[in-house]
Each structure stands twice: as C-alpha cells, then as structure tokens.
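The values are calculated or read from the model by the stated rules, or taken from the named source; none is laboratory data. Since the structure is predicted, the reported quantities are computational estimates derived from the model, not experimental observations. Positions of Cβ are generated from backbone atoms using ideal geometry, with glycine treated the same way; all protein chains shown enter the neighbour counts.
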Amino acid sequence: MRKSHHSVILLGFGNIGRELARLLDRKASILKDSYGITYSVTGIATARHGMAIDPEGIDVQTALTLVETGKSLDELSRFPIHSSLDFIHRSRGDVLFENSPVNHLTGQPALDHVRTALESGMHVCTANKGAVVYGYHELRRIANVKNRKFRFESTVMDGAPIFSLFRENLPALQLDAFKGVLNSTTNLILTRMESGDSFEDAVRFTQEIGLAETDPAADVDGWDAAIKVAALITVLMDTPFTPQQVQRKGIRKISQEMVCKAKEDGKRYKLVCSAKRLGESISAQVAPELVSASSVLYHVEGSTSIVEFETDVLGKLSIVETDPGPSTTAYGLLADFINVVIHP
Ligand SMILES: NC(=O)c1ccc[n+]([C@@H]2O[C@H](COP(=O)([O-])OP(=O)(O)OC[C@H]3O[C@@H](n4cnc5c(N)ncnc54)[C@H](OP(=O)(O)O)[C@@H]3O)[C@@H](O)[C@H]2O)c1
C-alpha cells in the first residue's frame, strides 16, 4: 500500500465543514490502515469566525470549540489572512474542501474559491452546488490541465453515490431523463401537512429541527430543487444548465385542505423534479404534482429523497436516501477525498 500524507484546508466551517472535520477524525485510523492516507488540517476559513493557517497543523478540537462558542479562529493562525482568496493562495494545501453557502443565482464566491484552488494545484471537494452549476465545464478543464481533481458528490442527495456511480460504474450509458424528490425540507413539510399541520406550522417544525433555514424561501420556492436539477443535467447530461432554466414552482400554493383531499383520494403531493432530453434540447421542471400509490415517489416519506434515472440501455435505475443529514453530506466529501488522493 502506497502511503500518502495530505494537508487539507477547510473553507467554510459551518454545519457541513465541522461535521466533516469530526468525520475525518473519526475515520483517521481506517484512512491510515486501509488506504495509507494520513492528513493534517492546515487551514480553516469562515466569514465571521476568523481564518487560520498553520502549516504544522491546526488542532481541530480547539477550532471546533472556538467556533461553536462564537469565538474567532484568528488566534490559531501563524499570520494574518485578509480574504478567502488570500487564504487559498497562502495555505499551500493539497486539498480544498469548499463548503461555503450556496449562491443560487451566480455560484459566487464558491466558483472563485474552487477556480483559485485548482489553478494553485489543489484537488477540490465541495458540497456547494453553485460551483458545479456555474462552473463545471470550466473547472473540469482547469483540473485536467493541472492534473488535479474536482469532486462534488455531496451536492445532490448528500452522500448517496450519484456522480461517482455514473463516472466510475456506468461508462457509455446515456441518461435520457430523470425524475425525483430532491428537496428534503419540502417533502417533510408536505408529509407533516398530511398529519394535520398547517403550512406555517410545518415550515416552523423543519426550522426547529435545523433542516430549513431561517428564511425557508430557497426550499419552499423550489430554488434548492432547481439547482440540484441543474447540477444533474450539467454533469450527467453534459450540458451546461442553470437553475433559471428550470421551470420552477414551489409549494406555497399547496394548502392543508388540498393535501387532505389528496390523501382521501389515495394520492399525495410531492415537489417533483424532472428533466428529459427532447432531441438536442433538455426540458426541466420543479413543480408540485399529485402522485398515486403506483409511483415510486408516493412512498418517499419525511426528509427522505429519491431519484429515478431513465437510461438508454439499463432502463430505469433508482436511488433512495433515507433521512439524510449533515453527517451523510460529510460522508460524500470524505468519499471524494479518499478517491481523489488514492487515484490522483
Ligand atoms: N446542510 C446540509 O445538510 C447540506 C447538504 C448538502 C449540501 N450542503 C451545502 O454545503 C455548503 C455548506 O452548508 P452548511 O450547512 O455548512 O452552511 P453553514 O452552516 O451556513 O456554513 C457556511 C460556512 O461558510 C462560511 N462562509 C460564508 N461565506 C464565506 C466566505 N465568503 N468565505 C469563507 N467562508 C465563508 C461561514 O462562516 P460564518 O459561520 O463565520 O458565517 C460558515 O463557516 C452549502 O453550499 C450547502 O448548500 C449542505
């Protein structure tokens, strides 16, 4: 087994960045014993909790405590850092984990972060959909020129293998269409409404359990679902596609009465994501649909998500992910990291 040591830098140390730091620590022995991989975290950057670079390695537990008690990481740094791009340039890391918040309209600043890191000779693993949707083809080109890897398994359905499945295991297969429930928050809201919650109560519940943001618009208006559809089309259908090109309707107009009437009729409302090749073009939608029990989507409960692919040779192929959370997203990043460093 070839041994390799990697300095990793974490840009974004929120729910996902911190969960990843914990998972890397938890899996350190298996990384070393089964794959010959050792690592040290040499940089961590946030927006309001400071930034730190230490080429000797940062004590991750101290960094977690500082951020989780609202303090700054600056005290852990060997020198002052002026911006996120300055952080990337001066870190000299081998692998960047980019986990800053998604920007549905431009992909920034994640796009600049990923581009800068690849140009500086780093591998990049990200859960940020913005960089994929607004930069996939350009970033893949830069990665190829630099002989580095750009990976983003966690951007759609968290740790469930989708991009790696097509890349590694389904060569020469053409994806003709897909359909799914890709936004956990709206699915949980609709499931709660079936049990009697009003729309507002159901939204509040998803916020209380940490699934929805304080401003739930990205979920309930369909932006999160649309950017995931755009990411799947961009990568798996090899066609640049933005969330603005997805015909998008959210769930605000679905009332509790409509949900209950559907239930009486043996049907359920789902926020359905779909895309289809139509000759040279692709049509894509996100919209609430009434589905009956004969549909696989009908059986997707709570925060579970599903995608059903329609391919030219294998026919229909589905992936279901039950109750995802930050740890499943962190797992997708960990899997990307292992694959990137063992097959550089
Ligand atoms: N949460 C999930 O379940 C999930 C699932 C799949 C994918 N994702 C994706 O994963 C990414 C991270 O999500 P999250 O839930 O961890 O978000 P989060 O909790 O809001 O954390 C975002 C982190 O990025 C930092 N940040 C913001 N702007 C920055 C900038 N310009 N430069 C450097 N750091 C910056 C924030 O710093 P401060 O805290 O100091 O502001 C924070 O540390 C997002 O792109 C999201 O779409 C999340």
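Go through VAL259, VAL291 for me and flag whichever is in a strand (DSSP E or B) and of a type in the set (A, V, I, L, M, F, W, C). Full working, then the answer.
Numbers: VAL259 fails: in a strand (DSSP E or B).
Only one candidate passes the filter, namely VAL291.
Among the numbered criteria (1) part of a loop (DSSP other than H, G, I, E, B); (2) touching a helix residue (DSSP H, G or I) at 6+ places or on another chain (Cβ under 6 Å); (3) closer than 19 Å to LEU20 by Cα, which one does HIS104 miss?
(3)
Only one of SER274, SER303, SER255, SER283 is hydroxyl-bearing (Ser, Thr, Tyr) and without any contact (Cβ under 8 Å) to a residue 40 or more places away in the chain; which?
SER283
Looking at HIS82, is it assigned to a loop (DSSP other than H, G, I, E, B), at pLDDT 95 or above and not aliphatic (A, V, I, L, M)?
yes
Could you say which residue among ALA212, ALA217, ALA172 is surrounded by fewer than 18 Cβ atoms within 10 Å (Cβ to Cβ), more than 18 Å from VAL132 (Cα to Cα), modelled with pLDDT under 95 and aliphatic (A, V, I, L, M)?
The match here is ALA217.
Taking the range 108-129 as the search range and keeping residues that are surrounded by fewer than 22 Cβ atoms within 10 Å (Cβ to Cβ) and within 11 Å of the ligand (Cβ to nearest atom), which one is farthest from GLU213 (Cα to Cα)?
Per the criteria, the residue is ASP112.
Taking LEU297 as the residue in question, decide whether it is in contact with a helix residue (DSSP H, G or I) (Cβ under 7 Å, 6 or more places away or on another chain), of a type outside the set (D, E, K, R) and outside any strand (DSSP E or B).
It is false that LEU297 is in contact with a helix residue (DSSP H, G or I) (Cβ under 7 Å, 6 or more places away or on another chain), of a type outside the set (D, E, K, R) and outside any strand (DSSP E or B).
If the Cβ limit is 8 Å and pairs must be 6+ apart or interchain, which residue in the range 28-53 that is within 15 Å of ASN339 (Cα to Cα) pairs with which residue that is of a type in the set (Lys, Arg) and in a helix (DSSP H, G or I)?
Hits for this filter: THR38/LYS32.
In the range 287-305, what residues are within 16 Å of the ligand (Cβ to nearest atom) and surrounded by 17 or more Cβ atoms within 10 Å (Cβ to Cβ)? Please lay out each step first, then the result.
Filtering the range 287-305 down to residues within 16 Å of the ligand (Cβ to nearest atom) leaves 302-305.
SER303, THR304, SER305 - these are the residues of the range 287-305 that are within 16 Å of the ligand (Cβ to nearest atom) and surrounded by 17 or more Cβ atoms within 10 Å (Cβ to Cβ).
With the checklist (1) more than 9 Å from the ligand (Cβ to nearest atom); (2) closer than 26 Å to LYS129 by Cα; (3) among the small types (Gly, Ala, Ser) in hand, flag the one item GLY17 doesn't pass.
Result: GLY17 passes all but (1).
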